[in-house]
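The values are calculated or read from the model by the stated rules, or taken from the named source; none is laboratory data. Predicted, not measured: the structure shown is a model, and the values here were computed from it. Positions of Cβ are generated from backbone atoms using ideal geometry, with glycine treated the same way; all protein chains shown enter the neighbour counts. The protein model used for the area step is the full one, side chains on, heavy atoms only, and it has no ligands, DNA or RNA in it. Shrake-Rupley method; radii C 1.70, N 1.55, O 1.52, S 1.80 Å.
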Amino acid sequence: MAKVTFREDECKGCGLCTDACPKGILQLSKDKINKKGHHPAECVKPEECIGCASCAIMCPDCIITVER
């Protein structure tokens, strides 16, 4: 199973990763606000991650790590 992690404090909440995810398992957090004042991205169904790294490739700030 793949594992996706985010450096949440660096996320600017642009949503590009959520659009890039073919499984639709990423979303911008509704509950968290990071130190920059943005809602960071999060994986809501980590068990469904296929490890394609589309989210990490799309992230302009390189804050996403995908481990397979």
Selection count where residues are open to solvent by 40 Å² or more (accessible area, probe 1.4 Å), in contact (Cβ under 8 Å) with a residue 12 or more places away in the chain and out of contact with any Pro (no Cβ under 8 Å at 6 or more places or on another chain), scope the stretch 48-65: 6
If a residue has to be without any contact (Cβ under 8 Å) to a residue 12 or more places away in the chain and open to solvent by 70 Å² or more (accessible area, probe 1.4 Å) to count, how many in the stretch 6-37 make the cut? 3
Look at residue 3 and say whether it is without any contact (Cβ under 8 Å) to a residue 40 or more places away in the chain, open to solvent by 80 Å² or more (accessible area, probe 1.4 Å) and on the phi < 0 side of the Ramachandran plot. no
Looking for something open to solvent by 40 Å² or more (accessible area, probe 1.4 Å) and modelled with pLDDT under 95 - is there at least one such residue anywhere in the stretch 38-47? no
